[in-house]
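Q: Below you will find the structure I want to go over with you.
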Amino acid sequence: MESDNSLRASTMPATHTVDTPDEPPAAQPFSRETATARAAQQAWAQTPVRERLRPVRAFRQLLAEEKLDICRTIQADVGKPVRDGLVADVLPLAEVCRFLERRAAGILRPRRSPLRDRPPILWGQRDWVFRRPRGLIGVIGTWNLPIMIGGMQIVPALVAGNGVLFKPSEQAARSGSLLAELLRRAGFPDGLVQLLPATREAGPQLAQADIDHVIFTGHSSTGRALAQTLASRLVTSTLELSGCDPLILLEDGDVTLAAQGAWFGATINDGQACLGTRRAFVPRSRLPAFLDVLKPLVQSAEPRRAVLPSQIDAAARAIDDARARGAALLRRDLPDNADGLVQPAALVDVPTDAILCQEAIFAPLLGVLPYDHLDEVFTMNQQCPYGLTASIFSADRAAAQALAARLDCGVVCVNDVVAPAGHPALPFGGRRRSGWGVTKGVEGLLEMTVPQVVSAVAGRSRPHFDWQGSHWMIQQETMEALIDLRHARSLRRSLAAGWRLVARALGWR
């Protein structure tokens with residue numbers, strides 16, 4: 001039993017956005033989709049959590065059965081090799097589903113407030129905290145990990161009892177349609193997930209729709225505009241707005257491992273990853289050894305395909321800017337037929353005000369920043385406005401953890417890059433220009449809900465209803481004694497206050 005029968009969890013959705021006089025329902029975008037999803041969500045929200053998890057298991061099994069078709073669809077959309085789709089999209093999403101199957105019921109279970117936490121003045125009161133679904137959640141998909149990121153956001157929202165309006169990226173329309181189809185085949189109720197057009201215009205339109213929360217993954221400027229639109233209607237959001245992540249090598253760290261990790265982090269998913277390594281802080285004394293490992297990796301790197309032409313322009317602009325500021329370029333020459341390709345590159349001695357250290361660039365680029373003292377790293381790192389993930393390479397785990405506490409970011413990997421952030425039980429999110437809120441893990445699931453407190457009082461005694469009356473419990477002397485009993489500095493004063501309370505309760509004074 002999760003609670004007393006009299007307080008069995010009612011999972012009705014949170015109150016949704018109230019239409020303003022100057023914005024009648026008919027004027028809101030996707031009114032048909034929101035009406036359909038809300039009708040399905042109201043029934044879905046009353047379904048016990050364990051029953052909501054049945055289609056999650058079926059969806060996970062479909063991911064396994066359809067894995068090659070899924071990866072070929074991603075490849076058709078954005079050119080990602082099948083192996084990369086298996087590693088970066090299918091497997092992580094399946095693990096997220098498995099985590100939810102095992103843990104979601106416990107995470108969402110109503111929590112009874114312990115009696116020891118209840119103030120004496122609330123005698124007879126019993127309190128529960130329920131996790132209610134937000135209602136209708138808008139998910140704006142991304143193209144770099146179209147199945148994993150979209151699924152990682154949609155499935156927890158559904159498990160929490162919400163309905164979803166899903167707007168896939170215009171660069172990954174087929175992947176978005178396939179994701180919605182797999183959710184339907186898994187057994188989620190008809191209408192609960194509404195697939196919106198995969199167009200650039202549909203994103204801003206979704207922000208104006210009758211929804212209760214938005215999850216967005218994308219560029220910080222787009223996220224800022226989205227947040228302003230939502231704030232005007234008091235609609236909440238979860239924003240993951242990319243990063244410009246640092247790798248910090250300490251003096252005692254493994255130089256070879258750090259250099260390999262920095263290059264892996266810079267080039268993973270062809271550099272098209274929100275948590276890719278962009279800045280490597282290397283002790284000046286270890287720089288030659290670091291470069292000895294890095295240079296062969298750079299020289300053997302094959303060209304990578306860019307999904308958007310703007311990525312090629314952004315990479316060229318960042319390289320030209322860093323070189324103009326004195327950075328040395330490490331890069332192979334591109335082949336003659338290089339249309340749509342970006343050659344992975346590293347730049348050494350990049351200043352902190354360079355574009356490469358200030359912007360979220362979706363390209364396989366790495367900046368190397370030598371330092372003499374660790375305090376310099378904090379100063380240089382803080383000049384970057386992003387705070388998504390960071391990596392620390394050190395033989396001293398305690399020192400690495402102490403350093404992590406000083407980094408203003410959402411995830412810190414010690415002696416590794418990127419991979420630990422894929423743990424399905426851990427939250428993922430950023431700070432500063434990297435956004436707010438989290439997905440995944442316990443915290444990510446709870447973010448798809450709102451807390452509701454239900455307090456029940458037994459008996460008929462309610463002295464406070466007659467606030468102007470003469471009942472001893474609401475008189476000034478009683479309140480003074482109660483405060484002294486609970487909060488006085490000395491034990492003697494507390495005991496004296498307790499005696500006064502007993503005397504007043506028995507009518508002795």
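The values are calculated or read from the model by the stated rules, or taken from the named source; none is laboratory data. Keep in mind that what you see is a predicted model, and the values were worked out from it rather than measured. Because the Cβ atoms are built from the backbone with ideal geometry, glycine has one as well, and the counts that use them run over all protein chains shown. For accessibility, only protein heavy atoms count, side chains too; no ligands or nucleic acids. Shrake-Rupley method; radii C 1.70, N 1.55, O 1.52, S 1.80 Å.
Q: Treating the beta-carbon of each Lys and Arg as +1 and of each Asp and Glu as -1, no other charges, what is the dipole magnitude of the stretch 319-421 about its Cα centre, to the nearest 20 debye?
A: 220 debye
Q: Here is a follow-up. Stokes-Einstein diffusion coefficient for the stretch 198-289 at 20 °C in a medium of 1.002 mPa s, Rh from the Kirkwood formula over Cα pairs: what value in µm²/s?
A: D, rounded to a whole number, is 136 µm²/s.
Q: Whole number please: convex hull volume per residue, Cα atoms of the stretch 100-241, in Å³.
A: Output value, Cα hull per residue: 149 Å³.
Q: Any idea of the accessible area per residue across the chain, 1.4 Å probe, to the nearest Å²?
A: So the chain comes to 47 Å² accessible per residue, rounded to a whole number.
Q: Bin all alpha-carbon pair distances of the stretch 349-496 at 5 Å intervals from 0 and give each bin's fraction as a whole percent.
A: In whole percents, the pair-distance histogram is 2, 7, 10, 13, 12, 8, 5, 4, 6, 8, 8, 6, 5, 3, 1, 0.
Q: Could I ask something else about it? Label point 7 Å out from ASP254 along Cα-to-Cβ: which residues of the stretch 271-309 have amide N under 20 Å?
A: 277, 280-283, 286-298
Q: Okay, next question. With label points built 7 Å along Cα→Cβ from the Cα atoms of SER494 and ARG116, find their separation and express it in nm.
A: 1.4 nm
Q: Taking +1 at the Cβ of each Lys and Arg and -1 at the Cβ of each Asp and Glu, which of VAL414, LEU334, VAL350 sits farthest along the dipole of the chain towards its positive end, judged by Cα position relative to the Cα centre?
A: Toward the positive end, the furthest listed residue is VAL414.
Q: Same structure, new question: In what sequence, highest mean first, do 243-251, 381-389 appear when ranked by Cβ atoms within 10 angstrom?
A: 243-251, 381-389
Q: Computed FRET efficiency, Cβ-Cβ of GLN61 and ILE474, R0 51 Å: what is it to the nearest 0.05?
A: Efficiency, rounded to the nearest 0.05: 0.25.
Q: List every residue whose amide H lies under 5 Å from the amide H of LEU165, counting only residues 5 or more places away in sequence or on a different chain, with H placed 1.01 Å from N in the peptide plane.
A: Counting only residues 5 or more places away or on other chains, the set is ILE137, GLY138, VAL139, GLN194.
Q: Enter the per residue convex hull volume of the stretch 99-160, computed from alpha-carbon coordinates, in Å³ rounded to the nearest integer.
A: 122 Å³
Q: Give the carbon-plus-sulfur fraction of the accessible surface of the stretch 93-214 in %, rounded to a whole number; probe 1.4 Å, heavy atoms of protein chains only.
A: 47 percent
Q: At a Förster distance of 30 Å, what's the computed FRET efficiency of GLU376 paired with VAL293, Cβ-Cβ distance as r, to 0.05?
A: For GLU376 and VAL293, the calculated efficiency is 0.85.
Q: While we're here: So what's Rg/Rh here for the stretch 272-372, counting alpha carbon atoms and using the Kirkwood radius for Rh?
A: For the stretch 272-372, the value is 0.95.
Q: With all protein chains present, how much of the accessible area of the stretch 351-466 (probe radius 1.4 Å) comes from carbon and sulfur, to the nearest whole percent?
A: 54 percent
Q: In whole angstrom, note down how far apart the Cα centers of the stretch 301-342 and the stretch 41-70 are.
A: 42 Å
Q: Also: Would you please state which residues of the stretch 348-390 a label at ALA402 would reach in this model, taking the label point 7 Å out along Cα→Cβ and a backbone N cut-off of under 19 Å?
A: 372-379, by backbone N distance to the label point.
Q: Among 343-352, 184-193, how do they line up by average Cβ neighbours within 10 Å per residue, starting with the highest?
A: Order by mean packing, descending: 343-352, 184-193.
Q: Mind ordering 59-71, 436-448, 82-94, 273-285 by average Cβ neighbours within 10 Å, highest first?
A: The most tightly packed comes first, giving 273-285, 436-448, 82-94, 59-71.
Q: Still on this structure: Translational diffusion coefficient, Stokes-Einstein: compute it for the stretch 207-352 using the Kirkwood radius over C-alpha pairs as Rh, at 20 °C and 1.002 mPa s, and state it as an integer in µm² s⁻¹.
A: 123 µm²/s
Q: Here is a follow-up. For the chain, divide the Cα radius of gyration by the Kirkwood radius and give the resulting Rg/Rh value with two decimals.
A: Computed over Cα atoms, the ratio is 1.08.
Q: About the Cα centre, and with charges only on the beta carbon of Lys, Arg (+1) and Asp, Glu (-1), how big is the dipole of the chain? Nearest 20 debye, please.
A: 2320 debye
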